[in-house]
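Participant: Starting off with a structure, shown below.
The values are calculated or read from the model by the stated rules, or taken from the named source; none is laboratory data. Every value quoted in this text rests on a predicted model; they were computed, and no experiment measured them. We place every Cβ from the backbone using ideal geometry, glycine too, and count neighbours over all the protein chains shown. With ligands, DNA and RNA removed, areas are computed over all heavy atoms of the protein, side chains included. Shrake-Rupley method; radii C 1.70, N 1.55, O 1.52, S 1.80 Å.
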Amino acid sequence: MTPANKPIALTRFLIEEQRAGHINADLRLLIEVVARACKSISHAVNKGALGGVLGDAGTGNIQGEAQKKLDVLSNEILLEANEWGGHLAGCASEEMDDFSKIPNAYPKGHYLLLFDPLDGSSNIDVNISVGTIFSVLRCPEGIDELETRHFLQSGSQQVAAGYTVYGPSTMLVLTVGSGVHAFTLDREMGSFLLTARDMKIPADTKEFAINMSNQRHWYPPMQKYIDELLAGKTGPRGKDFNMRWVASMVGDVHRILTRGGIFIYPRDKKDLDKPGKLRLLYEANPMSFIVEQAGGASTTGYERIMDVQPSALHQRVPVFLGSKNEVELVTKYHLDAGQ
Ligand code: P6P
């Protein structure tokens with residue numbers, strides 16, 4: 001009998017979710033495989049300078065970003081872990097131009113896995129938290145050949161989403177549509193143990209997360225909203241605000257999930273070709289699923305992120321997510337301004 005105060009392992013949690021009808025055996029296997037891959041990534045990340053995996057890989061990705069050695073390693077770990085289990089039809093990654101099919105040597109499954117294998121990797125060389133973000137979609141039934149268009153499903157079609165933050169502790173945060181739950185890696189046992197069940201984001205907050213260096217490029221609704229936060233008690237909001245910016249989405253979102261806040265990466269005039277910096281399918285959508293399941297909100301400034309119909313694998317989107325009342329206010333400013 002498990003003592004009342006002993007946290008249950010991820011494996012048992014997933015068995016109970018399956019028994020409750022929230023997931024099936026294939027999705028349970030998928031989540032366990034991703035968790036196991038994240039343990040391997042955590043091990044590599046935590047070696048730091050001793051592991052010979054810091055610094056640039058000398059390659060670039062489709063985003064036009066220089067890849068870190070750990071970006072490439074993390075991507076390979078996730079691909080290899082997921083290719084043989086028979087639960088996936090294919091994978092898509094921030095680090096790969098096109099999606100990856102399951103090798104013909106292995107059976108195909110019913111799910112699509114999309115991920116940013118190491119989000120915030122520019123922080124690795126300065127020893128700041130980074131993370132893995134993942135999203136799970138159903139693969140359409142009865143298709144002859146997997147194509148990119150099969151990945152282009154709105155966020156509301158996700159059946160699971162999560163992230164693993166490699167910080168002072170390694171934590172896996174997961175939703176399968178029945179709340180948000182957090183698991184802390186017990187390194188001695190090598191198990192993720194349930195340390196927070198049904199996490200909730202406070203509807204109000206005094207903390208915002210944004211890269212202020214872009215301020216001069218923002219459109220008027222953003223200028224208005226942030227000016228009011230900075231005015232604090234002296235302005236219309238009547239309270240002072242604090243600012244945090246980790247520059248790892250996983251780190252900022254985990255803080256918001258834990259104590260509230262609003263995370264913003266808006267479109268701006270700095271790069272008129274890009275509607276924002278963050279990618280819809282494997283950053284904004286999974287984080288939005290988690291945030292909404294925790295009672296928060298997530299919009300593009302104009303519409304619910306999980307309602308956006310994707311048109312490309314690596315498309316970007318503006319992101320406003322976190323404490324519901326703040327997200328709704330800044331979204332109102334954008335809709336009122338019509339721009
Ligand atoms: P900036 C990391 O590169 C990332 O994609 C997110 O994790 C993070 O929130 C954002 O970009 C940081 O962007 O412009 O502050 O470097």
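Participant: Does PHE289 count as open to solvent by 10 Å² or more (accessible area, probe 1.4 Å), closer than 21 Å to GLU228 by Cβ and modelled with pLDDT of 95 or more? Give the steps one after another, and end with the answer.
Facilitator: Numbers: open to solvent by 10 Å² or more (accessible area, probe 1.4 Å): yes; closer than 21 Å to GLU228 by Cβ: no; modelled with pLDDT of 95 or more: yes.
Answer is no for this residue.
Participant: Additional query: Taking the condition of being part of a strand (DSSP E or B) and either open to solvent by 10 Å² or more (accessible area, probe 1.4 Å) or away from the ligand (no atom under 16 Å from the Cβ) (or both), how many residues in segment 154-164 meet it?
Facilitator: 1
Participant: Check ARG267 against each of (1) more than 11 Å from the ligand (Cβ to nearest atom); (2) not hydroxyl-bearing (Ser, Thr, Tyr); (3) not in a loop (DSSP other than H, G, I, E, B) and name the one condition it does not meet.
Facilitator: Evaluating ARG267 over (1) more than 11 Å from the ligand (Cβ to nearest atom); (2) not hydroxyl-bearing (Ser, Thr, Tyr); (3) not in a loop (DSSP other than H, G, I, E, B) leaves (3) as the failure.
Participant: Of all residues in segment 93-103, which are more than 13 Å from the ligand (Cβ to nearest atom), free of Cβ contacts under 8 Å to residues at least 60 places away in the same chain and within 15 Å of LEU73 (Cα to Cα)?
Facilitator: Once the filter is applied, which keeps residues that are more than 13 Å from the ligand (Cβ to nearest atom), free of Cβ contacts under 8 Å to residues at least 60 places away in the same chain and within 15 Å of LEU73 (Cα to Cα), segment 93-103 yields only MET96.
Yes/no per residue for (1) farther than 22 Å from VAL180 by Cα; (2) near the ligand (Cβ under 10 Å from one of its atoms):
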position: LYS224; (1), (2): yes, no
position: VAL253; (1), (2): no, yes
position: LEU257; (1), (2): no, no
position: ILE262; (1), (2): no, no
position: LEU281; (1), (2): no, no
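Participant: How about segment 49-61: which of its residues are surrounded by fewer than 14 Cβ atoms within 10 Å (Cβ to Cβ) and either of a type in the set (Ser, Thr, Tyr) or in a helix (DSSP H, G or I) (or both)?
Facilitator: ALA49, LEU50, THR59
Participant: Could you check how many residues of segment 104-153 are closer than 20 Å to VAL308 by Cβ, more than 16 Å from the ligand (Cβ to nearest atom) and in a strand (DSSP E or B)?
Facilitator: Residues in segment 104-153 being closer than 20 Å to VAL308 by Cβ, more than 16 Å from the ligand (Cβ to nearest atom) and in a strand (DSSP E or B): 5 in total.
Participant: Another question, then. Please verify whether segment 240-256 includes one or more residues that are open to solvent by 20 Å² or more (accessible area, probe 1.4 Å) and either in a helix (DSSP H, G or I) or closer than 26 Å to PHE13 by Cα (or both).
Facilitator: yes
Participant: Quickly run through segment 62-103 and pick out the residues that are open to solvent by less than 60 Å² (accessible area, probe 1.4 Å), part of a loop (DSSP other than H, G, I, E, B) and under 20 Å from LEU27 (Cα atoms).
Facilitator: GLU83, GLY85, GLY86, HIS87, PHE99, ILE102, PRO103
Participant: Just name the residue that is nearest to the chain's Cα centre (by Cα) out of those in segment 209-222 that are more than 9 Å from the ligand (Cβ to nearest atom) and assigned to a loop (DSSP other than H, G, I, E, B). It would help to see each step written out before you state the result.
Facilitator: Step one: of segment 209-222, the residues more than 9 Å from the ligand (Cβ to nearest atom) are 212, 215-222.
Narrowing the set further to residues that are assigned to a loop (DSSP other than H, G, I, E, B) leaves 218-219.
Numbers: TRP218: 24, TYR219: 26 Å.
Only one residue fits best here, namely TRP218.
Participant: Which of the numbered conditions does ASN5 fail, given that it passes all the others? Conditions: (1) in a helix (DSSP H, G or I); (2) surrounded by fewer than 18 Cβ atoms within 10 Å (Cβ to Cβ).
Facilitator: It is condition (1) that ASN5 fails.
Participant: Answer with yes or no whether ALA44 is part of a helix (DSSP H, G or I), away from the ligand (no atom under 16 Å from the Cβ) and in contact with a Gly (Cβ under 7 Å, 6 or more places away or on another chain).
Facilitator: yes
Participant: Answer with yes or no whether ALA312 is of a type outside the set (Lys, Arg), away from the ligand (no atom under 16 Å from the Cβ) and within 15 Å of LYS200 (Cα to Cα).
Facilitator: It is false that ALA312 is of a type outside the set (Lys, Arg), away from the ligand (no atom under 16 Å from the Cβ) and within 15 Å of LYS200 (Cα to Cα).
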